[in-house]
Structures are given as C-alpha cells and as structure tokens.
Amino acid sequence: MEITPDIINNHGINPEEYKKIINLVGRKPNLLELGIFSAMWNEHCSYKSSKKYLKTLPVKNKKVIQGPGENAGVVDIDDNDALVFKIESHNHPSYIEPYQGAATGVGGILRDVFTMGARPIATLNSIHFGNHDHPKTKNLLNGVVAGIGGYGNCIGIPTVGGEVKFNSSYSENILVNAMAIGLVKKNKIFYSKARGINQPVIYVGSKTGRDGIHGASMASAEFDNDTESKKPTVQVGDPFTEKLLLEACLELMKDDSIISIQDMGAAGLTSSSVEMASKGDLGIEINLDKIPCREEKMTPYEIMLSESQERMLLILKSGKEENAKKIFNKWNLDFSVIGKTTNSKNLVLNFSGKEVANLPLSSLSTNAPIYDRKWKKSSVSKKIIPKKNYKSLNIIDCLKKILTTPNNSEKSWVWEQYDHTVMGDTVQKPGGDSAVVRVHGKKKGIAVTIDSSAHYCLANPLTGGKQVVCEAWRNLISVGANPLAITNCLNFGNPEKDKIMGQFVETIEGISQACSYLDFPVVSGNVSFYNETENKAISPTPTIGGVGLIKDLDFMMTKNLKEIGSNIFVVGKTSGHLNQSEFFREILKLDKGPPPEINLFNEKNNGLIIKRLISKKLLSSVHDVSSGGILVTLAEMCIPKKIGVKIKAPQSKLNLHEYMFGEDQSRYLLEVSDKNKDEVIKILKENSIHYEIIGKTQEDSLNIDKEFKIEISELNKLNSYWFKNYFK
C-alpha cells in the first residue's frame, strides 16, 4: 500500500516526524512499520511533550527500590517486604464505552503490578464526571462504577478507596484513573529489561483479537463526539482470565526461569517487545505466525497493534520452556514461543515466511521525538471579595447545603458496589482519610490514599500541585502512617496549546517542590494529555496516589469520634481563606480567586508532630481539614458513630463563616481525652505548633455556642441524600 499524507496523518504522525522516521530507518516505512511508529511515538507511550519536565521530579529516598521507568514503582516496607504500586489513566476509552473502559483500566493497572512479581492486595480509583444534570452523566457514572466493581470483584482484589468528582469541564471528557498496590519480597522483584542472546521470547495469556487497535493513539489525540466509530479502539476485559494469568505468572516466578517480563498494555505486542529489547540494548525477532489469534486472517498490522487484554510477554532462560508451558497449560492459558532475542538491535517481524518489518529499536525508543513545547505562565486571579453579605447567612443552613452537594455528599453508593473486604486484610474501609490494608499475617499495614484538586490547580497550577501532594501526605499521617512515596496521574488538555502546557509545567513544579520538601518521592505514574473535546479542555487534574507504612496496626487512627467529653483541637493556623472554598463555590456560586497558600515548613512540622502524638497513643481520632473547612470536617467526624460536638465561637478577628469554612492548609482536627489533654498541649507548645481547643464532644448534636444546633442524625441523612436519590 502506498503511504499517502492522509495515511500518515491518520496515524497521528506529523510531516516533520515522518521525515525523521525516514532518516532513522534509511527508507520509507511500510504500513505495518508506520503503525508501529504510530504506537511508539504517540503521547501515551513516548511522553514526548512531558518527558523534559518529568525528569525534574524527585524520585529517590532511602525507601525507594525502583523509581519511574518500570511497570510500577517499588518501595521498601521492612522485613524483606516491598510494596509495588502505580496509577494509570483510562479516560477516553471509558467515555466511549464506560463499562469496558473502566474495567480494562483496572485490569491493566493490576498487570503492571503483578508483572513485577507482586501479588496485588488492593485497588483504588479517582473518577471525574461532568455536571450531574448533564444528559450523559448518569449513564457514564453507572457504567464506570459497574466496570470497576465488575473487574475487581471478579478477580478477587479489594477496591479500598477512591474519589468521585463532578464538574462541567469533564462533561465530554470524563477521567477514570485506576491505582493498584501489591506485595512482593525484595529478593523476588521482576523487571522488564531483556538480557542474553538467543533467549526464547514467550507469549502467554489470552488470544489476540481485533479489539483495542490504535487504543494508545486514540488516547493521544483531541476528542470529538463521534464515539460510535471509536468503539473498536476500546479493549474488552475478562477478569476471570486475568485471575488465571496472575496465578500462573506468580507460580512461574517461584523459580529462576524468567529473565524479564512485561504486560501487553498500551500498544500491545509492539510496546512490550520494543521496551524489553531496547532496555536491554538487544534485538528481538518475532514470528507472527506463532501468535495465538482468536479471529481468522488477522494481519501483521492487526496483531502488532491489538490491545487485547490479559496477555504477557516473557523472556525465559533457554531450556526452561517446557516447565513454563506446563504451568500455563495447567491454568488453561495460551503459551507460545514466538521468537528470540538477538544481537541485531532491531525489531524483526516475520509472517508467512517473509520479513514484514525490520526497524532499529533505537528509532522506536531513545530516538523518539522529545518536544520543548511553548508554554505560557498561568494568570492567577486576585482575591475575590463577594458583594453579597454572606456574614448574615445562617451557618447551619450553609453546612446543610454543602453536605447535600454532589461533590461533598457521602459516596457509599459508589463504594458499596465494590468488594472492599475480599482477601480479609482490609482494616480501614473506604470513607476515611486513607484506606488501610494489613500485610497478611503480620501486625503492620499499608495506608493508601488517592486525591485530586482540579479547581485549585485551575486557579493556580503551582499552588494546586503543591496542595494535592500535601493532601495525600495529610491523609496518610491522619491514619498513623509514615508517608513513603507517591504515584501520579497527570490529566491535562492539549499540550500543543501554550496555556495548557503552562498549566502542566507549573503543576509539575508544585508537585516537585512539595515532594522534595516532604521527602515524598514520585516512583511511578502516567501522563494523560489531549483530554479535550471540540476545543474545550478539562480542568488541570493531577491525581496523586500516596502510600505509607503503619508499623503496628495497634497505632492506627480513624476519623470517627470515639467518646463523649473529649476535647476538640485544631492544629494549624486558621486565617479564614474562603477563595476557592466549598463555601464560596456552593453557597455563593463564586469560583474565582486564588487557592489557599501552602507553607511546606508548617505542613511537614505539623504532620510529623501529629504522627508523634499518634505514636504515643495520645489521640482518640484524627481528621485532616480540607474541602469544606473545619465545620464540614467536624460533621464527617461526628456522623459515623453519631457523636456530637459543642463548639465555641472563635476568639479571633475572623467571623464565624471564615473560621468554620475557610480552607487554610496544613491543619488537622484532633479528638483528645481529658487525661491526655495536658500532655498533648505540652508537646504542641514545645514544638511551636499553633493550636486551638474549640470545644468538646457530646451526645447527639452539633452545637456552635447557643445559637446554632443540628442533630447528628439529620447531618447523616443530609450527607447521604444526594447519591441515594440521584438514580431514582
């Protein structure tokens, strides 16, 4: 077939890139080779617009075993145990076909974890939708939640945490970010780097079909509303086969057969073979006649670009093939020797006795384009002072309204569709600051959280980038964990637009500053650009997955108030920042103004002292103050155990609305018993930590002085109202 400009353009390759391909290969590529370049040079696989800035992120500390560049990141959690984790996006596929898009997002991230040798122990998700009254939102939300639950529940891995957000910027571009964590022994971690010449290349798992062809390329371009024509680019998942693949791989990993292993994710067989060989500075030769196909007369183009799910590529030590084959036969999975490693440093593909592709691997990997895109500094709006006299508004009425909004309502409608207790090690279920999963058979646990704050990033990307990292840090601290590291999923619009690229650059800078100061490195992640439909981009949405270690689960904290008569402390200074707050957004309908500033010294200092108080068993419950401010945070602490609080109006220059709804950062609410009160005050004062004692716990109601009162039962009813009625 003649390679025309239209064909080149349809593969997402611009004229300059096509010239570069000809120079690298020394000739014009054929259609199959063009398809391979399209897969490897698209944004999703090559990071060509983001790589320059990703290199600035801190990626190491004493606990990091493996940082970015592998299937997932790995951190040391002591006792020869390691934690493997990563987050990935599946945004465009989930908009096109919500159930399968979300389901295969979960399946893909699980393979990233168990290809490292780890048994997955939990998944989380961050999902964003358009306005709740948009005609597509109900169907998309229902399908995505069903897909996440369907895959996770069937494979038998608990979904332990997540977030659900609604905003008009996602109406035509929803976000589905999936995170997985797994456990592995430090001496049994597997990597994707190929080694050795003439070693057998093995295909295992499901058969290859025509689903998902050009899936990665579709995810690397601006969207339009023609979703029907794009349905073939969405993969189809089978969690039962993935369970078999998981067990077969982990069984084979018990011996020393495997040299390297890579899941066939985005770009399928193309990316897995190219990445393994290029990392090892080797060549790879594949006979496409040996690929197990489930459809007749599949072409080399279709085979190489299919993104059929539940498949792995292995390089085994020569002579180990028969033993490995027995294991995969036992699990009723395909096993085929499809090629070998070579010293050619080329990808060579044969089909029907002919060589159908021959490309230098460096042209697909290290020589892929890297762009230094133009970018424009974001304009940060000045502080907004509302014209309406909000100080006259009844504060309890404001609280009630905030608790019934889609973004602040209780989300059990979502997580009750997920099995969060399967495997029997979930210690803290969804709904808290962080989920906690026991390391099986031991007293230690893993705390894990997932967060985003798009409206902060839209208002000021630098501050928003810092804030979302600090929010993850606080969530881990609040359950008694020592924060270890993060994984990030960076969701943005079209990077070819200087405004969007500026949002990305500044967000990365904010993330980098916070991670460096908190010693909270980035060990894995994903960039999702082109979340844009008909020239309308999503809000910049960096999603942060944080992990921490609780060395002894006897010291784990929850946010739930525990007893009557305890003292309520606010740790951290309250200055009453209302711009970008839920109070301004939901009550006054104001979404302009700067987000609250982040003081990284206070963030770290406050967090470490809270961790110290927890380690001394001086606190009864802890909840970080975030969206909605002190009053919403208090309500969330009261509802689970139906324990109330009596609060004194602040003795400060702030009015009650500023104090109760301000979203100043680096703050925590603590429940402290009378017997521990003096010791807590002593430690806070010794470390120059700003604190206030604002009230005491009581039965049944939340009171502010004598003027404002609401029953906890009513708070609970209001907070759970929205989701329970949305689908009626």
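The values are calculated or read from the model by the stated rules, or taken from the named source; none is laboratory data. The structure displayed is predicted, hence computed values, not measured ones. Here the Cβ positions follow ideal geometry from the backbone for every residue, glycine too, while neighbour counts run over all protein chains shown. Just so you know, the surface numbers come from the protein's heavy atoms only, side chains and all, with ligands and any DNA or RNA stripped out. Shrake-Rupley method; radii C 1.70, N 1.55, O 1.52, S 1.80 Å.
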Every pair of residues 6+ apart whose Cβ atoms lie under 9 Å, when the first sits in region 139-163 and is over 19 Å from S409 (Cα atoms) and of a type in the set (S, T, N, Q) while the second is assigned to a helix (DSSP H, G or I) and open to solvent by 20 Å² or more (accessible area, probe 1.4 Å): T159/N153; T159/W415
Please go through region 409-425 and give me each residue that is open to solvent by 20 Å² or more (accessible area, probe 1.4 Å) and in a loop (DSSP other than H, G, I, E, B), ordered by number. E410, K411, E416, Q417, D419, H420, T421, V422, M423, G424, D425
Residue, surrounded by the most Cβ atoms within 10 Å (Cβ to Cβ), within region 505-514, restricted to residues that are of a type in the set (G, A, S) and closer than 15 Å to K55 by Cα: G510
Would it be correct to say that E603 is acidic (D, E), more than 27 Å from Y691 (Cβ to Cβ), assigned to a helix (DSSP H, G or I) and touching a Ser or Thr at 6+ places or on another chain (Cβ under 6 Å)? no
Give the residues of region 38-63 that are open to solvent by 30 Å² or more (accessible area, probe 1.4 Å), hydrophobic (A, V, I, L, M, F, W, C) and not in a helix (DSSP H, G or I), sorted by residue number. V59
Kindly indicate which of N125, N80 is open to solvent by 10 Å² or more (accessible area, probe 1.4 Å), modelled with pLDDT of 95 or more and not aliphatic (A, V, I, L, M). N80
Quick check on region 251-270. Is at least one of its residues surrounded by fewer than 24 Cβ atoms within 10 Å (Cβ to Cβ), on the phi > 0 side of the Ramachandran plot and among the acidic types (D, E)? no
Out of region 17-37, which residues are charged (D, E, K, R) and buried (at least 16 other Cβ atoms within 10 Å of the Cβ)? E17, K20, E33
As an exercise: evaluate H134 against (1) touching a strand residue (DSSP E or B) at 6+ places or on another chain (Cβ under 8 Å); (2) in a loop (DSSP other than H, G, I, E, B); (3) open to solvent by 20 Å² or more (accessible area, probe 1.4 Å); (4) not β-branched (V, I, T) and give the number of the one condition it does not meet. (1)
Flagged pairs (Cβ under 9 angstrom, 6 or more apart or on separate chains; first in region 629-653, touching a residue at least 12 places away in the same chain (Cβ under 8 Å) and within 19 Å of S581 (Cα to Cα); second open to solvent by 60 Å² or more (accessible area, probe 1.4 Å) and assigned to a loop (DSSP other than H, G, I, E, B)) are E636/E410
Give the residues of region 616-631 that are outside any strand (DSSP E or B), touching a helix residue (DSSP H, G or I) at 6+ places or on another chain (Cβ under 6 Å) and either under 21 Å from D552 (Cα atoms) or open to solvent by less than 10 Å² (accessible area, probe 1.4 Å) (or both), sorted by residue number. L618, L619, V625, G628, G629, I630, L631
Flag if L183 is open to solvent by less than 20 Å² (accessible area, probe 1.4 Å), farther than 30 Å from D289 by Cα, in contact (Cβ under 8 Å) with a residue 12 or more places away in the chain and not in a loop (DSSP other than H, G, I, E, B): no
Within region 386-405, which residues are open to solvent by 90 Å² or more (accessible area, probe 1.4 Å) and either closer than 29 Å to E509 by Cα or under 34 Å from the mean Cα position of the chain (by Cα) (or both)? K401
Conditions (1) open to solvent by 10 Å² or more (accessible area, probe 1.4 Å); (2) part of a helix (DSSP H, G or I); (3) out of contact with any helix residue (DSSP H, G or I) (no Cβ under 8 Å at 6 or more places or on another chain) -> E285 fails only (2)
Which condition number in (1) surrounded by fewer than 21 Cβ atoms within 10 Å (Cβ to Cβ); (2) more than 18 Å from I87 (Cβ to Cβ); (3) modelled with pLDDT of 95 or more is the one that G209 fails? (3)
Given the criteria closer than 30 Å to Y95 by Cβ, among the hydroxyl-bearing types (S, T, Y) and open to solvent by 10 Å² or more (accessible area, probe 1.4 Å), does Y517 qualify? no
Here are some conditions: (1) at pLDDT 95 or above; (2) closer than 30 Å to D591 by Cα; (3) open to solvent by 10 Å² or more (accessible area, probe 1.4 Å). I174 meets all but one. Which one does it not meet? (3)
Could you list, in sequence order, all residues of region 632-663 that are in contact with a helix residue (DSSP H, G or I) (Cβ under 7 Å, 6 or more places away or on another chain), under 19 Å from Q467 (Cα atoms) and of a type outside the set (D, E, K, R)? V632, F661, G662
Please go through (1) in contact with a strand residue (DSSP E or B) (Cβ under 6 Å, 6 or more places away or on another chain); (2) open to solvent by less than 20 Å² (accessible area, probe 1.4 Å); (3) within 22 Å of E33 (Cα to Cα); (4) charged (D, E, K, R) for E307 and return the number of the only condition it doesn't satisfy. (1)
Inspect region 149-160 for any residue being surrounded by 24 or more Cβ atoms within 10 Å (Cβ to Cβ), out of contact with any helix residue (DSSP H, G or I) (no Cβ under 8 Å at 6 or more places or on another chain) and modelled with pLDDT of 95 or more and give the result as yes or no. yes
Unique match (being closer than 30 Å to G69 by Cβ, more than 16 Å from the chain's Cα centre (by Cα) and among the β-branched types (V, I, T)) among T543, T463: T463
Residues in region 294-311 that are touching a Gly at 6+ places or on another chain (Cβ under 7 Å), on the phi < 0 side of the Ramachandran plot and outside any helix (DSSP H, G or I): how many? 7
State yes or no: is I609 assigned to a helix (DSSP H, G or I) and buried (at least 21 other Cβ atoms within 10 Å of the Cβ)? yes
Pairs where the first residue, in region 60-83, is farther than 23 Å from A514 by Cα and the second is among the acidic types (D, E), C-beta under 6 Å, 6+ apart: N71/D112; A82/D76
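Residue-by-condition table, conditions (1) open to solvent by less than 10 Å² (accessible area, probe 1.4 Å); (2) basic (K, R):
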position	(1), (2)
E532	yes, no
S539	no, no
L553	no, no
K559	no, yes
N567	yes, no
T574	no, no
Q580	yes, no
